[in-house]
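The values are calculated or read from the model by the stated rules, or taken from the named source; none is laboratory data. Only a predicted model underlies this, so the values are computations on that prediction, with no experimental measurement involved. Don't worry about glycine lacking a Cβ; one is built from the backbone with ideal geometry, like all the others, and counts go over all protein chains shown. Remember, those area values only see protein heavy atoms, side chains included, never the ligands or the DNA or RNA. Shrake-Rupley method; radii C 1.70, N 1.55, O 1.52, S 1.80 Å.
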Amino acid sequence: MPMELQDKLALLASAARYDASCASSGSKRSSAGGLGATLPAGVCHSWTGDGRCVSLLKILYSNACRLDCAYCANRSSNDVQRTSFSPEEIAGLTVSFYKRNYIEGLFLSSGIFADPDIVMARLVETARLLRRDHRFQGYIHLKAIPGCGERLMREAARWADRLSANIELPNAASLKELAPQKDGSSIIGSMRFLRDGILEHETPPRSAKPAQPFLPAGQSTQLIVGATGDSDSSILRLAHSFYTKLSLKRVYYSAYVPISPDSRLPGSAPPLRREHRLYQADWLLRFYGFGIEDILESKESHLDLDIDPKVAWAIRHPEFFPVELQNAEYERILRIPGIGVVGARRLVSARRSSRLRVEHLKTLGISLKRAGYFITVNGRRPSDVRVRQDDLRSVLSDGSSTDAGPSFPRSPTDQAPSRKPSFQPEFIFD
Amino acid sequence: MVIRYSPDPESYFSLIDFAMRSNARDISYRCERPWASRTAQPELFGCMEPNPLYAADEVRLYASPDRALELRSDLARLAPFSEQDLLFAFLSELPIEPAIIEYSRIALSGDIERAHDETDDIVRTVLTAARRVSKEIHAFQGLLRFAETRSGVFEAIFEPDADVVFALFPFFKARFGSTRFRIIDIARSRCAGEPVEQEGPPPPDEWKSLWKVFYDSTENPSRLNPKVRLQHMPRRYWKYLPEVNDEA
């Protein structure tokens with residue numbers, strides 16, 4: 001009955017809202033006579049009050065859960081109403097929303113209400129119903145329920161575009177402290193299994209290529225920031241390993257939100273800017289050719305809150321600048337603060353036929369307020385940019401860390417629980 | 001001299017072809033768009049009713065299908081990157097015909113480097129206009145909202161800044177498959193897809209209410225950021241978005 005469906009939807013959509021691992025993503029799936037298709041890049045359909053893009057129907061299959069992870073709104077010891085969808089209800093919602101162009105597809109997670117295989121089987125059944133019975137060719141993102149078997153994961157990879165399993169914390173000790181029922185190495189094991197499956201599918205075989213895709217949009221995961229004393233460097237080191245060793249497509253960093261009081265958790269959220277810096281560092285790794293050693297060479301355990309990681313690197317390397325824009329390689333130009341990938345590309349295109357001048361830079365999307373300190377344009381420095389090295393930091397800061405939101409601590413280490421040791425080895429894998 | 005032409009791609013490419021061949025100077029161009037433009041500077045783009053009375057220095061250019069086709073094939077062959085930019089620059093409805101004609105000349109001349117040089121005023125004018133249109137198309141791929149009419153057609157209504165209703169059609173054709181649909185640009189009285197029928201108001205849609213429930217439930221209340229929301233989704237779009245149109 002519609003009324004019941006409405007209440008379930010309100011509950012199970014709220015329960016899913018803390019999973020950030022679900023941005024609008026691209027995939028390769030053709031329509032072939034079905035309903036819809038996927039695109040190489042994602043589409044944002046709407047934006048909610050928190051400023052985030054809505055692209056998928058993001059819901060839990062059920063918010064009933066046996067686990068009692070300290071940071072989770074759905075933990076078993078929380079007194080909340082528990083309910084569940086049926087696969088048919090989810091399929092109906094997905095297809096109807098899709099036809100109305102409210103969404104690009106489905107993001108389906110779940111509490112662990114039974115044995116992992118049983119939970120995963122429900123998610124897989126929902127995806128299969130959508131693909132087979134409704135001939136749905138839009139985007140499907142399923143959670144890989146930790147502990148479920150390989151057969152189910154393989155079937156999930158057949159129906160879904162992306163699978164994710166949230167590692168949430170960067171090392172076994174933190175996980176043991178806050179989510180003792182979760183097993184980090186099993187999560188990583190399933191990521192490895194899926195990576196191998198994707199690789200096998202991509203490698204041209206002796207026989208004809210199978211017609212079915214295998215996880216065309218790959219895998220992603222999420223790390224919570226600020227629930228423990230774990231440093232930005234341990235988070236980034238793990239993210240880097242996910243990208244390079246397990247070929248994950250995205251890592252998401254989600255600022256911890258205090259939901260239920262627990263002595264193991266800090267009482268307040270970390271500065272939002274900390275999450276922002278992690279995303280900036282992540283972008284440098286993936287799109288700007290930075291190595292992990294570039295980001296972490298300062299030996300600080302946390303990223304600077306006042307200046308972004310690109311500026312931080314530039315200040316540590318005055319010998320690299322100024323860069324001459326008329327002839328420096330694209331990779332060198334990407335290191336300049338104030339020049340993004342788009343600006344760099346336009347610059348490289350423009351200079352093939354023109355002699356660049358400082359006046360051109362604004363039209364190319366380059367901010368002289370930042371880049372001006374690091375460049376020459378055909379030998380000329382932009383005017384008014386004689387700043388001493390020690391002043392660069394304050395000139396290029398994003399503002400004080402106190403304006404990063406309501407009542408946030410000044411430094412990310414302020415709210416680390418005191419009994420946490422200062423260094424923990426991260427999850428090791430190859 | 002003022003050359004008037006119709007707001008369709010064939011007339012547009014005929015115009016470019018004609019202007020390139022004739023090499024005449026001191027020409028201005030006016031596209032006869034019968035709808036009022038909703039842009040921020042209406043006095044610039046104007047509401048051009050097709051006017052049978054011409055001044056002494058005004059002429060009308062009619063589409064020449066062969067010439068238009070030949071030009072488009074030449075562009076596709078010699079400068080494939082430019083064809084979409086030229087088309088999108090046209091859809092922008094900006095009065096930049098002189099820059100467009102010059103850009104077309106550059107593209108066909110083989111000066112590929114110059115055609116990608118955004119410090120060049122001509123190139124930048126055309127590419128900026130094209131990019132605006134491209135962004136708008138991508139935005140509406142997300143922002144169009146469909147509802148089922150009494151006759152079972154999925155219908156969406158919107159008021160875009162640029163003339164993008166037909167450019168959006170292929171995306172939604174892939175999405176809907178055999179399901180009948182239409183997109184209505186209500187500002188320009190144009191419709192892509194199934195012809196408009198006379199029918200009563202659409203039936204109540206339970207999925208629309210469910211969508212509002214989902215939208216309200218999915219936001220993270222500890223991270224409210226209305227400023228960022230408005231940046232991505234300006235209020236002028238809210239009229240046709242069921243999730244926010246009671247706040248519009």
- [ ] Return the whole-Å distance between the Cα centroid of segment A:356-371 and the Cα centroid of segment B:56-135.
- [x] 26
Task: Cα centre as origin, Lys/Arg/Asp/Glu Cβ charges: the protein assembly as shown dipole, Debye - done: 900
Open item on the list: With a 1.4 Å probe and all protein chains left in place, how much of the accessible area of chain A comes from carbon and sulfur atoms, in whole percent?
Closed with: 51
Task: Environment charge of A:P40, counting only residues whose C-beta is closer than 11 Å and scoring Lys/Arg +1, Asp/Glu -1 - done: +2
Task: Ordering of A:86-95, A:160-169 by packing [mean C-beta count within 10 Å, highest first] - done: A:160-169, A:86-95
TODO: On the protein heavy atoms, probe 1.4 angstrom, tell me the percent of accessible surface of segment B:75-211 carried by carbon and sulfur.
DONE: 55
- [ ] Would you be so kind as to identify which of A:V395, A:T126, A:S220 lies farthest towards the positive end of the dipole of the protein assembly as shown, taking Lys and Arg as +1 and Asp and Glu as -1 on Cβ and the Cα centre as origin?
- [x] A:S220
Open item on the list: At a probe of 1.4 Å, how much accessible area disappears from chains B and A on forming the pair, both sides counted, to the nearest 100 Å²?
Closed with: 4500
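Can you classify segment A:117-217 as rounded, prolate or oblate using the Cα gyration tensor, where a ≥ b ≥ c are the square roots of its eigenvalues, rounded means a/c under 1.5, and otherwise it's prolate if a/b beats b/c and oblate if not? Walk me through the numbers before you get to the answer.
On the way: a/c = 2.61, a/b = 1.55, b/c = 1.68.
Oblate, since a/c reaches 1.5 and b/c is not below a/b.
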Open item on the list: Averaged across A:49-61, how many Cβ atoms of other chains sit within 10 Å of each residue's Cβ atom?
Closed with: 5
- [ ] Would you mind telling me which residue in A:R352, A:R75, A:R286 has the biggest mean-square fluctuation in a Gaussian network model of chain A, where springs connect alpha carbons within a distance under 10 angstrom?
- [x] A:R352
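How much length is gained on full extension from B:M20 to B:Q84, taking 0.36 nm per residue of separation minus their Cα-Cα distance? Walk me through the numbers before you get to the answer.
Details: separation 64, 0.36 × 64 = 23.04 nm, distance 1.87 nm.
Once the chain is fully extended between B:M20 and B:Q84, it gains 21.2 nm.
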TODO: Would you mind giving the mean number of other chain beta-carbons within 10 Å of the Cβ of each residue in B:118-125, as a whole number?
DONE: 5
- [ ] Please report, in Å, the Rg and the Dmax of the protein assembly as shown, where both are computed over Cα atoms only.
- [x] 27.8, 89
Task: Dimensionless Rg ratio for chain B, taking C-alpha atoms and the 2.2 N^0.38 Å reference - done: 1.17
Open item on the list: Once ligands and nucleic acids are excluded and a 1.4 Å probe is used, how much of A:W283 is accessible, expressed in Å² to the nearest 10?
Closed with: 100
Task: Relative contact order (percent, whole number), segment A:140-242, Cα cutoff 8 Å, 6+ residue spacing - done: 37
Open item on the list: Report the gain in length on full extension from A:S185 to A:K299: 0.36 nm times residue separation, minus Cα-Cα distance, nm rounded to one decimal.
Closed with: 38.3 nm
Open item on the list: What are the membrane-span-like helices in chain B by this rule: whole DSSP H runs, Cα extent along the axis at least 27 Å, mean Kyte-Doolittle hydropathy at least -1.0?
Closed with: B:121-143
Open item on the list: Could you tell me the center-to-center distance, by alpha carbons, between segment A:248-298 and segment A:44-79 in angstrom?
Closed with: 19
TODO: Please get the size of the charge dipole for segment A:203-285, origin at its Cα centre, with Cβ charges of +1 on Lys and Arg and -1 on Asp and Glu, quoted in debye to the nearest 20.
DONE: 400
Task: Helix A:2-14 vs. chain A, principal-axis angle (Cα, 0 to 90°, nearest 10) - done: 40
TODO: For segment A:16-125, just the Cα set please: Rg and Dmax, both in angstrom.
DONE: 15.4, 47
Task: Relative contact order (percent, whole number), chain B, Cα cutoff 8 Å, 6+ residue spacing - done: 15
Task: For segment A:64-174: accessible area per residue (Å², 1.4 Å) - done: 32
Task: Listed peptides B:68-75, B:84-91 by packing density, highest first (mean Cβ within 10 Å) - done: B:84-91, B:68-75
Open item on the list: If I model a spin label at A:N327 and B:A174 as a point 7 Å from the Cα along the Cα→Cβ vector, what separation in nanometres do I get?
Closed with: 4.3
Open item on the list: Inside 10 Å of the C-beta atoms of B:206-212, what's the mean count of C-beta atoms belonging to other chains?
Closed with: 6
Open item on the list: If you average the alpha carbon positions of segment B:193-207 and of segment A:156-181, how far apart do those two centres end up, in angstrom?
Closed with: 45
Task: chain A, relative contact order in percent, only Cα pairs under 8 angstrom and at least six apart counted - done: 13
